[in-house]
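Okay, structure first, notes after.
The values are calculated or read from the model by the stated rules, or taken from the named source; none is laboratory data. In this text, all values refer to a predicted model and were calculated from it rather than measured experimentally. Don't worry about glycine lacking a Cβ; one is built from the backbone with ideal geometry, like all the others, and counts go over all protein chains shown. Remember, those area values only see protein heavy atoms, side chains included, never the ligands or the DNA or RNA. Shrake-Rupley method; radii C 1.70, N 1.55, O 1.52, S 1.80 Å.
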Amino acid sequence: DGYWAEVSRCVREGDFEGYKATCHEEGVLVTGVRGQSYPLADALKRWKKDFVATKAGKIKANVAFRFGRRLGDETTAHETGMFLYTRVNEDDTKTAEYIHFEGLMVRRGGRWLILMEYQKSKGTREEWERLKKVNR
């Protein structure tokens, strides 16, 4: 749970370097929503502007996680669930995205790192409500 709490904190505070530190250097982003797979480092380049805008107070962003299945041991984890990404823009427009996802993580040097993030498909609030809360 500590890993996901840190990811949420980084998104909420616009801490790009902190978020980047949760990712394995050879991590992969798979997105069923866009039908693509590419290095997580490329996604980080694209997402950085939103972290900068959040840190500057131009937008408010948040991400929360809920899980249906969590497998793992002391050095590996595979977790399946959903995340809810919310955003409030400067003009006060609000968006909320419910995304089904899987995360594959490894523990290196005492830290959890995401090796593969698979954003499978869009979800619904009803599906979200059925999953177990992790972040408060």
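With K and R counted +1 and D and E -1, the other residues having a Cβ less than 15 Å from that of K120 yield a net charge of -1.
The portion of the accessible surface of the chain made up by carbon and sulfur, rounded to a whole percent, is 50 (1.4 Å probe; DNA, RNA and ligands excluded). On full extension, the segment bounded by E26 and A41 gains 4.6 nm, given 0.36 nm per residue less the C-alpha separation.
Gain on full extension, evaluated as 0.36 nm per residue between A5 and R130 minus their Cα-Cα distance, stands at 43.0 nm.
Our summary gives the chain a relative contact order of 26 percent, counting only alpha carbon pairs under 8 angstrom and 6 or more residues apart. Under conditions of 37 °C and 0.692 mPa s, region 49-92 yields 261 µm² s⁻¹ as its translational diffusion coefficient, taking Rh as the Kirkwood radius over Cα pairs in the Stokes-Einstein equation. Sites listed here are GluC sites (Glu not before Pro) in region 27-136 whose DSSP assignment is loop and whose Cβ has at most 11 other Cβ atoms within 10 Å: E74, E90. For the chain, the Kirkwood hydrodynamic radius from C-alpha pairs, put into Stokes-Einstein at 4 °C and a viscosity of 1.567 mPa s, yields a diffusion coefficient of 85 µm² per second.
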